[in-house]
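Below is one structure, written out as structure tokens, with a few remarks after it.
The values are calculated or read from the model by the stated rules, or taken from the named source; none is laboratory data. Keep in mind that what you see is a predicted model, and the values were worked out from it rather than measured. Virtual Cβ from ideal backbone geometry, glycine too; neighbours counted across all protein chains shown.
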Amino acid sequence: MALALKRFSSPTDFVQSSALFIKDVIRKSAPAYLALSGGKTPLPVYEALANDPQFDVEQAEFFLVDERYVPLNNQDSNYVATVKAFSAAEPFFSDHFHWFDTTRSIEGALKAYEQELEQVPAGSFDLLILGLGLDGHTASLFPGGSENLETERRVLHVVNEQAPTPPVRDRLTITWPLILAAKQILVLVTGAEKEALVKELVSGTKPAPEFPPAKLRGHANTSIYYLR
């Protein structure tokens, strides 16, 4: 099945359509299991979802796709940003949110998250949300990390040598076996500067070691929502 690309020119339409996509999955799959990507792009979508009066947070369990290995109160923490985005759904959201516990050692955080993932039926998320970095990464799986692309582990410690804010280079992420097992994947992308990346994802030929999202071409149900 070809990747389904939907383009948007209005930020409002992009956010509302993305939130509706997520809400529909929750309604149809309840209890639904969702994996949420970090980064700036999905945050307005999460906020719109949390503020929707028809959104029932107690019908879903939410997991983080990846995290920077920083304290839980750090401004670069996906945990912090995600909880803030879903603040309208508190106090219930936190009861249904699973994250990488960076108060532990890296190996301890990975082990604890593996145990959290045991809650996901058959290891298959109903919906997994991804982004697309300017360097061609998705989740925290970066170009050139071939050993990270082929691992059979479901969670991994990744050292990003090109981290934008050194020395914060350690990341914790789910990996391709778990990503590709998802029933549906939604890739959220914004910015004219990512036009070439979207084109490469949809119809390009770069191999996964050079462009990790290339692995999504083999997934049966992936949608791309792109706000240019």
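Values computed for the structure shown
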{"quantity": "Any hit, the range 31-49, residues being of a type in the set (Gly, Ala, Ser) and surrounded by fewer than 13 Cβ atoms within 10 Å (Cβ to Cβ)", "calculated": "no"}
{"quantity": "Test: residue in the range 110-130 that is more than 25 Å from Lys183 (Cα to Cα) and either hydrophobic (A, V, I, L, M, F, W, C) or surrounded by 13 or more Cβ atoms within 10 Å (Cβ to Cβ) (or both)", "calculated": "no"}
{"quantity": "Condition check for Glu47: of a type in the set (Asp, Glu) and touching a Phe, Trp or Tyr at 6+ places or on another chain (Cβ under 6 Å)", "calculated": "no"}
{"quantity": "Residues of the range 152-199 that turn out to be among the basic types (Lys, Arg), modelled with pLDDT under 95 and in contact with a Phe, Trp or Tyr (Cβ under 9 Å, 6 or more places away or on another chain), as a count", "calculated": "2"}
{"quantity": "Flag for Ser77 being surrounded by fewer than 18 Cβ atoms within 10 Å (Cβ to Cβ) and hydroxyl-bearing (Ser, Thr, Tyr)", "calculated": "no"}
{"quantity": "Residue match in the range 85-101 (condition: surrounded by 14 or more Cβ atoms within 10 Å (Cβ to Cβ) and in contact (Cβ under 8 Å) with a residue 60 or more places away in the chain)", "calculated": "yes"}
{"quantity": "Cβ-Cβ under 9 Å pairs, at least 6 apart or on other chains, the range 50-63 side within 11 Å of Ile22 (Cβ to Cβ) and among the aromatic types (Phe, Trp, Tyr), far side modelled with pLDDT of 95 or more and part of a strand (DSSP E or B)", "calculated": "Phe62/Tyr33; Phe62/Leu34; Phe62/Ala35; Phe62/Leu36; Phe62/Phe97; Phe62/His98"}
